[in-house]
Amino acid sequence: MAPRNMLGLLASAALVALAGCSSGRGGGVEASNTSRADGVGLFGGDADEVPGIGVNAFLWRASLDTLSFMPLDNADPWGGVINTEWYANPEKPDERFKATVYILDTRLRADAVTVSVFKETSGENGWETAPIDPATTIAIENAILTRARQLRLAAIES
């Protein structure tokens, strides 16, 4: 293959990979690689699985959507881990939060997502670890699952 063709191929592959990371709401990888109604993907297997990522595509996108207000630190679609940077609500600058989402399955299931939330408060000695209400973690997990179901329904209907 000529070097010019190879460069074009690499640029195309990079654009496809980058498009999968967009924060836009429409036309994502999830809808384009799955069949519409029968639950079987175009490439075989479960319609919730997207070639190229190692986790459920709907849970992945839903996790990114749900945590979009927090700055992203690291996202590994093959390992299913999303880490955020510290986020401080402007109304409460003396406390900050950080989250890690683990997607544990290729299927859209309630037990396929786990969230860990960390909290720090500003004190005399700088930032100090503070306890987190367990309901916060559950609320984030539920928000991710709700969004994932919405994305799946939208993919089926389109």
Among the residues listed as 101, 117, the single one being in contact with a strand residue (DSSP E or B) (Cβ under 6 Å, 6 or more places away or on another chain), within 29 Å of residue 153 (Cβ to Cβ), of a type outside the set (Gly, Ala, Ser) and touching a residue at least 24 places away in the same chain (Cβ under 8 Å): 101
Filtered residues of region 111-135 (kept if under 18 Å from the mean Cα position of the chain (by Cα) and of a type in the set (S, T, N, Q)): 114, 116
Residues located in region 74-98, provided they are surrounded by fewer than 17 Cβ atoms within 10 Å (Cβ to Cβ) and either touching a helix residue (DSSP H, G or I) at 6+ places or on another chain (Cβ under 9 Å) or touching a residue at least 24 places away in the same chain (Cβ under 8 Å) (or both): 78, 79, 86, 93, 94, 95
Evaluation of residue 141 against (1) in contact (Cβ under 8 Å) with a residue 24 or more places away in the chain; (2) open to solvent by less than 30 Å² (accessible area, probe 1.4 Å) (one fails), failing number: (2)
Hits in region 144-158 (condition: open to solvent by 50 Å² or more (accessible area, probe 1.4 Å) and under 12 Å from the mean Cα position of the chain (by Cα)): 147
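Residues in region 49-92 that are of a type in the set (Val, Ile, Thr) and modelled with pLDDT under 95: how many?
Of the residues in that region, 3 qualify.
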Selection count, region 99-138, where residues are open to solvent by less than 30 Å² (accessible area, probe 1.4 Å) and under 15 Å from residue 65 (Cα atoms): 6
Among (1) touching a strand residue (DSSP E or B) at 6+ places or on another chain (Cβ under 9 Å); (2) of a type outside the set (A, V, I, L, M); (3) modelled with pLDDT under 50, the one test that residue 26 misses: (1)
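The values are calculated or read from the model by the stated rules, or taken from the named source; none is laboratory data. No experiment lies behind these values; they were computed from the predicted model shown. We place every Cβ from the backbone using ideal geometry, glycine too, and count neighbours over all the protein chains shown. Side chains are part of the model used for accessible areas, which takes the heavy atoms of the whole protein and leaves out ligands, DNA and RNA. Shrake-Rupley method; radii C 1.70, N 1.55, O 1.52, S 1.80 Å.
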